[in-house]
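Read-outs: derived from the displayed coordinates by stated rules, not from any lab. Remember, predicted model here, so these are calculated numbers, not experimental data.
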Amino acid sequence: MRIFLCVCFVIVGFFLFSSCDNDFFLPGFFEPKQLEHPTAVPGKSDEISNEQESHPAHYIPKNAERYTEYISKYTDIPYETAIAYVNAGVDCKNIFTVDNPDSILVLLNKSHALPMGFIPKKLNYISGTEYRMTVEAAHSFEQMRNEMAKQGLALSVQSAYRSYSRQASLFGRELSQGDRQAHPSVSGAGHSEHQTGLAVDVLHQGGFSRLEKAEFEATRQYQWMIENAHKYGYILRYPEGLEHITGFRFEPWHWRYVGAKAAEDMRKHGISAFEEYWGRYLVNP
Ligand SMILES: [Zn+2]
């Protein structure tokens, strides 16, 4: 009887919560497969205390049901990675307002938003450009750009800090084009890394058409950044093939400042999605 009630609970829970905004994900990335770590799936809440020792450090008991649901949907994601994704809101259950908007490690995505009216404490112009970033991000970017210039690799800045109202107008334009659900490329206001002053869009030349942005992937500048940007604290925020995690298609031009320690750490652990790094190492269980 107890097992029967438990099964019912899971099934009812699944339907109750399945109203999540699935537009967050690009479709068709995962086909159900056999769960690789069935014994590690968290049990129902009254069993958690008995199993706690088997959980990884980033396991958060209050997320137990979300872990179960996410793992049951995406069975080919390793257990600890799936937990990290859920911690980072990849399952899109709620909108969280971040409490550390000024931190270089702030996580922003479709489930994590800035507080209303947030403006970074101090912004500096990236030298030689009309674009601003936080003092630390701008300084580090200039160092990276100088190093690239020494090697004959010119890098132009196409966008950096954008205010809430600027982001809102960009988002409105994207929606009016009607293709955002299939190809999301602009965040809603309050959800954009550009509003933190920690993100920069770059290109190998002036101008800013979508075609040129896509071509950036094939340049030496992009290759250099893939190999070296972490030393300057920058990560490729929306890598190819991780659209189902970041919620965004591949953006070779969008780079996010997280500081050299986190960027090096991600590289050391072979982690490409900031969601995974944040959900494993930066979340407070
Ligand atoms: Zn961008």
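At a threshold of 8 angstrom on Cα-Cα distance, excluding pairs fewer than six apart, so keeping six or more, what relative contact order does the range 96-282 reach in percent? It would help to have the intermediate numbers written out before the result.
Numbers: 310 pairs, mean separation 39.8, N = 187.
With pairs under 8 Å counted, the relative contact order is 21 percent.
Of the cross-linked pairs K62/K231; K73/K93; K62/K110; K110/K268; K122/K261; K121/K150, which ones have a Cα-Cα span greater than 25 Å in the structure shown? K62/K231; K110/K268; K121/K150, as the Cα separations exceed 25 Å there.
Relative contact order (percent) for the range 56-127, with alpha-carbon contacts under 8 angstrom and 6 or more residues of separation?
Values: 53 pairs, mean separation 16.7, N = 72.
It rounds to 23 percent for the range 56-127.
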